[in-house]
Each structure stands twice: as structure tokens, then as C-alpha cells.
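Chemist: Can you keep this structure in mind? I'll have questions shortly.
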Amino acid sequence: MNAATNESSTRLAWPNPERRIAKGAVWVTVLAVMGIFAPGLLGIDGMDGGFAISFLAFFIAICGLVVALMFRRRAAEVDRLLAGNELLAHWEYPAEPWHQYVADETIARHGANRSIVWLVAVWAIPIGLLFWLFDHEGGLVVMLVMIGLCLLMAAVGWGLPLIWQRRRRTRPTQTWIGERAAFFDNVLFRWDGFGNRLDQVTLHPAADQTPPLLHLHLSSLSRVGWQPYDLRMPVPEDKWLEAQELAHTLSRQVYKA
């Protein structure tokens, strides 16, 4: 009983970053609503900028309200997982396997970003060359802009994984996995409802120093269609059998067109 109580207390004590964002959005909404009426209270004439201030505040209030409602729902999902409701697995990671996962994940992210940079370069550089060939003066500016875009993408693609790695070298983490969402590395990943789906579930056994991984292939709906992304979660050595059962259970949630 004490062990169960301690585990439940640990779950509930874990911070919920989604709720912090929701609260911040509420405050932004409140301040923006006050900003709508601020010009009238301060005596600012509408034609002297009062209308512009009110309209901008109204737009910010709408955006803040939408963000607050969205993250309020996400925060409730995290609370359910932390409390053990609808929970399929809860994993904690020792330091050494976690550090190895972070190193491997950094390499994987660098590889994925490198592919994106090459994809951008394939169309950006030829477009710049065409502009330069047809207009040596104006086209040169376009060519330099395209080169700068590629260099910026390369810098971001290389730097972001390093920042991600640095922040996770010493920070412990845990994983909560439910039937419709996972809370991993202080981020909520959902595959239920409109705009989110689970495309595939794969389980990778340990190889050399690499820990076993539970790999969820996810997609989110955007303006250009379904955008795939990957969630790779390390599996503790003593949780391999549980991970196999978990992968089988989650496979039932895979989206079928």
C-alpha cells in the first residue's frame, strides 16, 4: 500500500507543462481584453490609433482564448496519465541508458534535418541560378537570398538537436503511455481525435549500446495535408515483455484509411 501511494504521489508531483501554458494563455487573454477598452479609458481617439490598438488587442484575445482552450484539454490529458487513469505503462530510466538514448536520438535528428536541408537546397539553388542567368543584377540578389536560406536551414537543423541534447544530458525523465496519448520528455503526444493519428507501431530490440525502442509513427493534419513525425521512446531493460504487450495494444489504435 505504501509503495502504491508513493508511486501515485510521484506521478501527481510531476510538473504539467501543458497547464502552465494554458494558464499563461489565460493571462494573455485577460490582458488583451483589457487592452480592447484601454484606448477609451485613456482618452485615445480612435482615429489617432485607438481603433488600431483595440483591433490588435481583440485579435490577441481571440488567439489567447483558442490557445487556452486547446492547452486546457491537453493539460487534462496529462493529468489523467499522471494520475494513472487510462494508463498502459509508466517507465523510469536509469542514467546510463537515458544518456545513450539522447546521444542516438541526436544523431537521428541530425540525419532527418540533413535530409530536409538537402530537399530545400535542391529547389532553392536551381531557382536562384535561373534568376541569375536571366537577370544578372536582380537575379544575383535572389541567388544570394536562396544561398542564405540554405545556410540558415543548415544552421537550424544542426543547432536545434544540439540544444535538445544539452538540455537532456542530466535531466531525468519518465514516460506515461495511455491508449490515446503518451507523455514523454515533458511533451504530450496524442493520436486521438481530429487532426492526430497513429500510423504505425514498431518495437526495436537493443543493438550494441543502443537501448530498445518503442517507435510510434504519428501524423498531424496541417494546411498541406498529413505531416508525419516520429516518437521514439527508450524501453527499460526490465520492461521488454511489457513493451511487447504495449505495442500489440497500441497497434489496435493504428489509423486505417
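For every residue, the table says whether it meets (1) at pLDDT 90 or above; (2) assigned to a helix (DSSP H, G or I); (3) among the aromatic types (Phe, Trp, Tyr); (4) over 25 Å from Asp192 (Cα atoms).
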| site | (1), (2), (3), (4) |
| --- | --- |
| Arg11 | no, yes, no, no |
| Ile36 | no, yes, no, yes |
| Gly40 | no, yes, no, yes |
| Met47 | no, yes, no, yes |
| Phe59 | yes, yes, yes, yes |
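Chemist: Next question. How many of the residues making up segment 24-53 are among the hydroxyl-bearing types (Ser, Thr, Tyr) and over 37 Å from the mean Cα position of the chain (by Cα)?
Modeler: We begin by selecting, within segment 24-53, every residue among the hydroxyl-bearing types (Ser, Thr, Tyr); these are 29.
Add one more test, that the residue is over 37 Å from the mean Cα position of the chain (by Cα), and what stays is none.
Residues that pass the stated criteria total 0.
Chemist: Right, next: Counting only residues that are loosely packed, with under 13 Cβ neighbours inside 10 Å and hydrophobic (A, V, I, L, M, F, W, C), which one in segment 40-59 is farthest from Thr29 (Cα to Cα)?
Modeler: Result: Met47.
Chemist: Scanning for something among the basic types (Lys, Arg) and crowded, with 16+ Cβ neighbours inside 10 Å, does segment 109-125 turn up at least one residue?
Modeler: Yes, there is a match, as at least one residue in segment 109-125 is among the basic types (Lys, Arg) and crowded, with 16+ Cβ neighbours inside 10 Å.
Chemist: Specify the residue that is nearest to Ile177 (Cα to Cα); the eligible residues are those in segment 205-240 that are of a type in the set (D, E, K, R) and in a strand (DSSP E or B).
Modeler: Kept after step one, since they are of a type in the set (D, E, K, R), are these residues of segment 205-240: 208, 223, 230, 232, 237-239.
The next check asks that each one be in a strand (DSSP E or B); those that pass are 230, 232.
On the way: Asp230: 15, Arg232: 12 Å.
Across segment 205-240, the extreme among qualifying residues is Arg232.
Chemist: In segment 241-256, is there at least one residue being at pLDDT below 90, part of a strand (DSSP E or B) and surrounded by 13 or more Cβ atoms within 10 Å (Cβ to Cβ)?
Modeler: yes
One line per residue, one yes/no per condition, for (1) touching a residue at least 24 places away in the same chain (Cβ under 8 Å); (2) surrounded by 17 or more Cβ atoms within 10 Å (Cβ to Cβ); (3) within 18 Å of the chain's Cα centre (by Cα); (4) not assigned by TED's automatic domain parsing to the domain that holds Pro17:
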{"position": "Leu160", "(1), (2), (3), (4)": "yes, no, yes, yes"}
{"position": "Ile163", "(1), (2), (3), (4)": "no, no, yes, yes"}
{"position": "Glu179", "(1), (2), (3), (4)": "yes, no, no, yes"}
{"position": "Asp185", "(1), (2), (3), (4)": "no, yes, yes, yes"}
{"position": "Phe189", "(1), (2), (3), (4)": "yes, yes, yes, yes"}
{"position": "Arg197", "(1), (2), (3), (4)": "yes, yes, yes, yes"}
{"position": "Val201", "(1), (2), (3), (4)": "yes, yes, no, yes"}
{"position": "Ala206", "(1), (2), (3), (4)": "yes, no, no, yes"}
{"position": "Thr210", "(1), (2), (3), (4)": "yes, no, no, yes"}
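Chemist: If you don't mind, another one. Has segment 50-61 got at least one residue that is within 29 Å of Leu246 (Cα to Cα) and touching a Phe, Trp or Tyr at 6+ places or on another chain (Cβ under 8 Å)?
Modeler: Scanning segment 50-61, I find no residue that is within 29 Å of Leu246 (Cα to Cα) and touching a Phe, Trp or Tyr at 6+ places or on another chain (Cβ under 8 Å), so the answer is no.
The values are calculated or read from the model by the stated rules, or taken from the named source; none is laboratory data. Owing to the predicted nature of the structure, the values given are computational and were not obtained by experimental measurement. In this analysis, Cβ positions are derived from the backbone assuming ideal geometry, glycine residues included, and neighbour counts consider all displayed protein chains.
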